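A quick write-up on the structure given underneath.
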Amino acid sequence: DTITRRFRYDVALVSALKDLEEDIMEGLRESRMEDSACTSGFSVMIKECCDGMGDVSEKHGGGPVVPEKAVRFSFTVMSISVLADDVVEEVTIFTEPKPNSELSCKPLCLMFVDESDRETLTAVLGPIVAERNAMKESRLILSIGGLPRSFRFHFRGTGYDEKMVREMEGLEASGSTYICTLCDSTRAEASQNMVLHSITRSHEENLERYEIWRTNPFSESVDELRDRVKGISAKPFMETQPTLDALHCDIGNAAEFYKI
């Protein structure tokens, strides 16, 4: 009956940092930072990834009956930096050499669920989001190199593809008239305007729009309401960082080629 197996987020991060213990100590030595002086001020940048793994059903019999689709949520330790007590600038002591490699990607949660099944996805990933939010405000004390050291975590959800971002942000699916996960462009607008696009969406705004969709305060028709909320149809459950997405990158590239 199990549809998901997962680690607790903080436990998984401790394990990942302990794996990097030698790299952290080496980084401190190379930066000529006095080992005993660096017990606090460590910052860890985490890249989160979540994607469907496609069809994983047992094809030849003999195995347990499982739903056809699986989704994996994982993270990568991108970099570790330290701000020593008597220093003004942060010093990066570890950078993941292969940040997009399967080898640096730590699995956190494996679930038997179709990535389009928004309700199940929300239920399974909700606790992970809660754990992450709790860690943003706290520090982790961990023994590295024989001394207790204090770590803060910064999370970047940059490993989600467009389909996943749409599921997590409560947007209409990828066939929507509203093509962008970061602004309110429609297909028609994007084809007319290759340059003037800016990032306008935020997680908070998406939540407000969902409330408008849910309550329909102006008693509008479905089409009018849809036009007002620009393709928000469900409650977002995971914040996304407003970084440049593939669409705007393509538009920017196209504009550059057009100039040439």
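Observations on the structure shown:
- Lysine pairs in the chain whose alpha-carbon atoms fall under 28 angstrom of each other, counting only those eight or more residues apart or on distinct chains, come to 27.
- The calculated 222 nm mean residue ellipticity attributable to helices in the chain amounts to -10500 deg cm²/dmol, summing -39500 (n - 2.57) over DSSP H runs of n ≥ 4 and dividing by all residues.
- Most simply put, the chain has about 80% antiparallel DSSP beta bridges, counting only bridges with both residues inside it.
- For segment 155-199, the direction-averaged projected area of the alpha-carbon convex hull comes to 3.6 nm².
- Dipole moment magnitude, nearest 20 debye, segment 3-159 about Cα centre, only Lys, Arg, Asp, Glu C-beta charged: 360 debye
- Across all Cα pairs in segment 1-119, the calculated P(r) in 5 Å bins from zero up to the longest distance comes to 2, 10, 17, 17, 14, 12, 9, 7, 6, 5, 3, 1, 0 percent per bin.
- Given their separation in residues at 0.36 nm each and the Cα-Cα distance between them, SER15 and ASP161 gain 49.9 nm when the chain is fully extended.
- Vicinal HN-Hα couplings computed from phi for segment 70-78 (Karplus, 6.51 cos²θ - 1.76 cosθ + 1.60; Hz; Gly/Pro x): 9, 10, 10, 10, 9, 9, 10, 7, 7
- Between ALA130 and SER191, the modelled labels are 4.6 nm apart [label points 7 Å from Cα along Cα→Cβ].
- Estimated FRET transfer efficiency when R0 is 35 angstrom, pair SER101-ASN216 (beta carbons, to 0.05): 0.15
- Alpha-carbon geometry of the chain: the Rg and the Dmax are 21.7, 66 Å, given in that order.
- D (Stokes-Einstein, µm²/s), Kirkwood Cα radius, segment 73-217, 0.692 mPa s at 37 °C: 174 µm²/s
- Normalised alpha carbon radius of gyration of segment 166-259 [divisor 2.2 N^0.38 Å]: 1.14
- Label-to-label distance for ASP85 and SER116 is 5.8 nm, based on points extended 7 Å past Cα in the beta-carbon direction.
- Dipole orientation for the chain: of the candidates MET78, PRO127, ASN206, PRO127 has the Cα lying most toward the positive pole (charges on Cβ; Lys, Arg +1; Asp, Glu -1).
- The alpha carbons of segment 104-156 give a radius of gyration and a Dmax of 15.2, 46 Å, in that order.
We did not get these values from a lab; they are worked out from the coordinates using the rules stated. Model, not experiment: these values are computed from the prediction. Virtual Cβ from ideal backbone geometry, glycine too; neighbours counted across all protein chains shown.
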